[in-house]
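Throughout, read-outs are computed from the coordinates displayed, never taken from laboratory work. Given the structure is predicted, the values throughout are model-derived calculations rather than measurements. Because the Cβ atoms are built from the backbone with ideal geometry, glycine has one as well, and the counts that use them run over all protein chains shown.
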Amino acid sequence: MSDRISENICILIDCSRSMFRTDYKPNRLHCCVVAVKKLIEERFKIDGGKSTFAIVNFSDEAKKVSEFTNMEDQLFDALDTLSIGGRSNIGDGLAISIKVLIGELRKVMTNIPRILVISDGNYTQSAIDPIKMARLSQGLNIKIDSFRVGKISDMNILKRLSDLTKGKYYYSNDAETLNNSAKRLADSNFRSPGSDLESLIKNPSFLRKIAANLIRVQDLSKTQEMRIKQMRGEGDFKKCTICFQENDPVTKGSFFLTGRYCPNCHTPYHIHCLSGWASSQTDDIIKESGTCRCPHCFYLLKIPTEVTQAQRLRSLSTSSTKKLDPQKPEVIAATLENISELGSDAIYSSCPICNLIFEENQQIVKCGNPECPALYHIDCFQKLENKQCKSCGAKLHLY
C-alpha cells in the first residue's frame, strides 16, 4: 500500500445513440457499465476505499450523476440509471468533469485527480472543444484516461485526449478485453515521481487557478439567501464572522459592497477582513498565491484581485527599493515572450485580464517590472486601461 496513491476518478461515460450498437452484447453501454463496476470493485479491494469515484454522463448535454464517494452501492445505483439517446457532446462532458474535480481539489486532504472517458469516440462538434478541455486538464495536472469501444476511426479523439494529458489509452474490441482494461486501470495507482498532490499544491499559480471565487450579496439566489438566513439567523445574514460587524472596518462601506460568502459553507466575510486573516497565516505558498482557506470549512478561496492589488501597491510604497508613483506611473518596457520558454510556473499561470491559462508555445506579453509576475495574452494586453499593469500598477509600453 505504501507504493500506491489514492485517487479521485471522475468516470465520464458516453450515453449517445451510437452506444446502443450491439457489436458488444447486449449493447455497448451495458458492457461499459459492467466494466466500470469491475473497475470500482477492484480499486476498492486494492486501497480499501481510499479512492473515490464520481459519475458524469454525456449525450445531448452532460450531467453529473453522482458526487465523489467511496460508497459502492451508491455508485452502482447511479450507473444503473444511465440511458441511451442523443448526440455525443464530449467537450461538455469534459468541462463538467474538470469542474467536479476542481471542487474536490479545493478541499483539504484530497486525492490525486483523474478523468476516465468511456466512449466509442464518435463525437459531435459543440461550443466546447474537447482538445481545449484536454489542454486545460493538462494545465491542472489532471490525466485523462480513456476506454475506446467499437471500430477505430481516422480521428481517434480519445487517444489524442490521453496523449495530451499523459493518461492511459485502452482499446477494447469486445466485452472481455473491456473488462481486462478495467482491471488494469484499477491496478495502476502506483506512486510515480510528481504524482503526490503535495508537490502540486506547492505551486502558487496552481492554487490561484483552482481557488473558488467568493459570492457577492447581489449574486446570491433567493434559495441561497433564505438558506443563509436560516443557518445564521436574520441578524447575522450580513455580518462578517471575523470582525463581527456589518460595515467594513477598512472602507467603512456596507456589507453589500465588500461583503462576500464562502461558496462552500456560506460563511460571510468582508474581503479586507478575510485578506487580513490570510496575511496573518504562516503558509508562505498560500500567501504568494493570493488565496486562503475559509476559517470555517477550510475550502480554498481566491482573495479578490482588487484587494491583492491594493496590498501590493502598499507594499511597494513602503519598500526601500525604487517606488512607482501611483499618480504618475513609471513607463516600463513590456516584452513579447514565448510562454514555453518561461518555465512551468509561467505555463500554469493565468492572464489577469481574462483569468484563462496559456497554451504551449503561445506568444504572450510579460510585464517589465522584475518584481511582477504578470503575463498577458496579447489581445488582453491591448485592453489594459492606460496600459497600467493590473498586478503592480506600472505603466507598460510594448516596443
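If each residue's Cβ is checked for other Cβ atoms within 10 Å, how do I142, I332 rank with the fewest at the top?
I332, I142
Can you give the Rg to Rh ratio of the chain, both from alpha-carbon atoms, with Rh computed by the Kirkwood formula? Each step should come with its number before you reach the end.
Details: Rg = 23.7 Å, Rh = 23.3 Å.
For the chain, the value is 1.02.
Please build a GNM for the chain, connecting alpha carbons under 10 Å apart, and tell me which residue among L342, L101, L116 fluctuates the most.
Per the Cα network of the chain with a 10 Å cutoff, L342 tops the list.
Sorting I96, I128 on the 10 Å Cβ count, fewest up front, what's the list? Kindly include the intermediate steps, with their values, before the conclusion.
Numbers: I96 21, I128 16.
Going from sparsest to densest Cβ surroundings: I128, I96.
Near the amide H of V65, under 5 Å away, which other amide H atoms are found, from residues 5 or more places off or on another chain, if H is placed in the peptide plane?
For V65, whose amide H was placed from the backbone, the distant partners under 5 Å are I55, V56, N57.
A 25 angstrom limit on the alpha carbon distance is what I want to check against. Which of K238/K390; K38/K132; K132/K183; K132/K387; K166/K302; K107/K202 exceed it?
Working: K238/K390 30 Å; K38/K132 31 Å; K132/K183 29 Å; K132/K387 29 Å; K166/K302 29 Å; K107/K202 15 Å.
Table pairs above 25 Å Cα-Cα are K238/K390; K38/K132; K132/K183; K132/K387; K166/K302.
Which residue fluctuates the most in the chain, going by a Gaussian network model with Cα springs under 10 Å, if the choices are R17, R148, R114?
Among R17, R148, R114, the largest mean-square fluctuation in the Gaussian network model of the chain belongs to R17.
Once you've got the GNM for the chain with C-alpha springs shorter than 10 Å, pick whichever of T223, T124, T335 has the biggest mean-square fluctuation.
T223
Would you be so kind as to identify all helices of the chain, as entire DSSP H runs, whose Cα atoms reach 24 Å or more along the helix's own axis and whose mean Kyte-Doolittle hydropathy is at least -0.5? Don't skip to the end; give the middle numbers.
On the way: long enough: 28-47 (29 Å, 0.22).
Going by DSSP H runs, the hits are 28-47.
Treat the count of other C-beta atoms within 10 Å as a stand-in for reagent exposure and order K238, K25 from fewest to most. Kindly include the intermediate steps, with their values, before the conclusion.
Values: K238 19, K25 10.
The most exposed by this proxy come first: K25, K238.
Among DSSP bridges having both ends in the stretch 7-195, what percentage is antiparallel? Round to the nearest 5. Please report the intermediate quantities before stating the final value.
Values: 5 of 29 bridges.
Of all bridge pairs located within the stretch 7-195, approximately 15 percent are antiparallel.
Taking every DSSP beta bridge with both residues inside the chain, roughly what % is antiparallel (nearest 5)? Let's see the in-between values first.
Numbers: 23 of 53 bridges.
Here the share of antiparallel DSSP bridges comes out near 45 percent.
Just want to confirm a number: the relative contact order over the chain, from Cα pairs under 8 angstrom separated by 6+ residues, in percent. Intermediate values should be presented prior to the final figure.
On the way: 724 pairs, mean separation 47.9, N = 399.
The normalised contact order for the chain reaches 12 percent.
Mind computing the radius of gyration and Dmax over the alpha-carbon atoms of the stretch 204-303? Å is fine for both.
13.2, 38
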